[in-house]
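Single-structure report; data block below.
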Amino acid sequence: MDSSPPSPQQAETRLVTSGRDTKAQKGFVNPPVFHGSTVLYPTAEDLHAHRGEFTYGRHGTPTTVAFQDTLMALEGPQCAGVGIVPSGLSAISTTLLSVLRTGDHLLVCDNVYRPSRNFCNGMLARLGIETTYFDPMIGAGIEKLFKPNTRVVLVEAPGSQSFEMPDIRAIAEVAHARDALVIDDNTWATPLYHRSLEQGVDISMQAATKYIGGHSDIMFGTISANAKAWPQIVEGIRLLGVCAGPDDVFLALRGLRTLSVRLAQHHRSGLDMARWLAARPEVARVLHPGLETDPGHAIWKRDFTGASGLFSIVLKPAPQKAVDTMLNTLKLFGMGFSWGGFESLAIPFDCDAYRTATKWAPGGPTLRLHIGLESTDDLKNDLDRGFAALKAAM
Ligand SMILES: *Cc1c(COP(=O)(O)O)cnc(C)c1O
């Protein structure tokens, strides 16, 4: 018999094997869904000491532990724990409330998810926490924005509308020299394609609503933290009382098991469609860091092992009514905001409506596309019909 220690497994294998306890599940591959609030303690002494593997419904069930163990295995050895919250936005708000206090200052990338800005400008401002937005391409130049009370830098790589790719390694180096935490919204790439905790990020959050769920049927958020930040996250989750519903935890775990094949297809189809669109006469520019011509390509190649299916295009100047006609003509591309499911999406967007640190002037109407798991031949035919309708409506 081979007695050598098992070799470290590849991410695809860890997604399949982690967090499974076949014996505890009486042979079944998957853990059951535990609908539960009350956990009974065997003795008064156990009750007094809050002793037991599970202590209260809000604090987790065997299904949540299976999910947390699997995501931790994917994040890598820097991950000290995974917190579960009811949505991606809750991952952002819970994280920021856990690590900031009145009088603090935080730096936020100008391309972050708009509701993250709303949280900073609304609730954090009300609590006396000040936000400064910065150019996503700032790199080590972020140093000059630091104040003595800067505690946090929040980045999103790439931003989920405009797709600029911040240099997280350079930003983290400056932040750590100033004893600030770096928080990354890693929803676009997931830890399968971007192991941000290995690149200087202290807390990596995800809207697991997107690719981890993968089927447009759950709301779910995750917070992965390193050993330095994890105690604050655990405390924050406990104090705020956030948790997720048991069916959603089960579906998120099921989504993790197939994440690698789904993302590989989103990567392939996304790049195929991005290249095809870049060659279209109706398209002025494609914003996808996986394209060699993209300004963020070098950083993407250095820090990421793949791309997901979400990117944007800038059309040549056209009236909004003609663009609306194009969108109304598409059959395979639905119009909806939450991406990461199996289906393709197309929506117009306008970063200029909310950006403050940088000017967004794309020079034409902009569309964000999510490339789902349909055949790219069919998706191209659908867009062909859409472009024909656009031209006819000009
Ligand atoms: C969707 C999204 C969120 C919010 O996730 P919800 O689960 O919808 O609350 C946060 N960040 C990014 C980048 C997103 O795309």
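The values are calculated or read from the model by the stated rules, or taken from the named source; none is laboratory data. What you see is a predicted model; the values in this text were computed from it and never measured. When we count neighbours, we look across all protein chains shown, and the Cβ atoms used for this are built from the backbone with ideal geometry, even at glycine.
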Inset, instruction - Please identify the pairs in which a residue from the stretch 101-113 that is in the same structural domain as residue 129 (by TED's automatic domain parsing) and part of a loop (DSSP other than H, G, I, E, B) has its Cβ atom under 6 Å from the Cβ atom of a residue that is hydrophobic (A, V, I, L, M, F, W, C) and at pLDDT 95 or above, counting only partners at least 6 apart or on another chain. - result: 102/127; 104/129; 110/357
Legend entry - residue 202, sole failed condition from (1) in contact with a strand residue (DSSP E or B) (Cβ under 9 Å, 6 or more places away or on another chain); (2) surrounded by fewer than 24 Cβ atoms within 10 Å (Cβ to Cβ): (2)
Legend entry - Subset of the stretch 15-33 (residues that are part of a loop (DSSP other than H, G, I, E, B) and of a type outside the set (Gly, Ala, Ser)): 20, 21, 22, 23, 25, 26, 28, 29, 30, 31, 32, 33
Inset, instruction - Would you mind stating whether residue 158 is within 16 Å of the ligand (Cβ to nearest atom), under 21 Å from residue 301 (Cβ atoms) and touching a strand residue (DSSP E or B) at 6+ places or on another chain (Cβ under 7 Å)? - result: no
Inset, instruction - Examine the stretch 273-284 for a residue that is part of a strand (DSSP E or B) and touching a residue at least 40 places away in the same chain (Cβ under 8 Å), and state whether such a residue exists. - result: yes
Inset, instruction - Looking at (1) farther than 13 Å from residue 154 by Cβ; (2) within 16 Å of the ligand (Cβ to nearest atom); (3) among the basic types (Lys, Arg), find the lone condition where residue 117 falls short. - result: (1)
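Here's the yes/no breakdown for (1) part of a loop (DSSP other than H, G, I, E, B); (2) touching a strand residue (DSSP E or B) at 6+ places or on another chain (Cβ under 8 Å); (3) more than 14 Å from residue 222 (Cβ to Cβ):
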{"residue": "13", "(1), (2), (3)": "no, no, yes"}
{"residue": "35", "(1), (2), (3)": "yes, no, yes"}
{"residue": "53", "(1), (2), (3)": "yes, no, yes"}
{"residue": "69", "(1), (2), (3)": "no, no, no"}
{"residue": "77", "(1), (2), (3)": "yes, no, yes"}
{"residue": "83", "(1), (2), (3)": "no, yes, no"}
Legend entry - Residue count for the stretch 259-275, restricted to those that are surrounded by fewer than 16 Cβ atoms within 10 Å (Cβ to Cβ) and touching a helix residue (DSSP H, G or I) at 6+ places or on another chain (Cβ under 8 Å): 1
Legend entry - Members of the stretch 218-251 that are of a type in the set (A, V, I, L, M), part of a loop (DSSP other than H, G, I, E, B) and away from the ligand (no atom under 16 Å from the Cβ): 227, 229
Inset, instruction - Kindly check whether there is at least one residue in the stretch 166-175 that is surrounded by 24 or more Cβ atoms within 10 Å (Cβ to Cβ) and within 14 Å of the ligand (Cβ to nearest atom). - result: yes
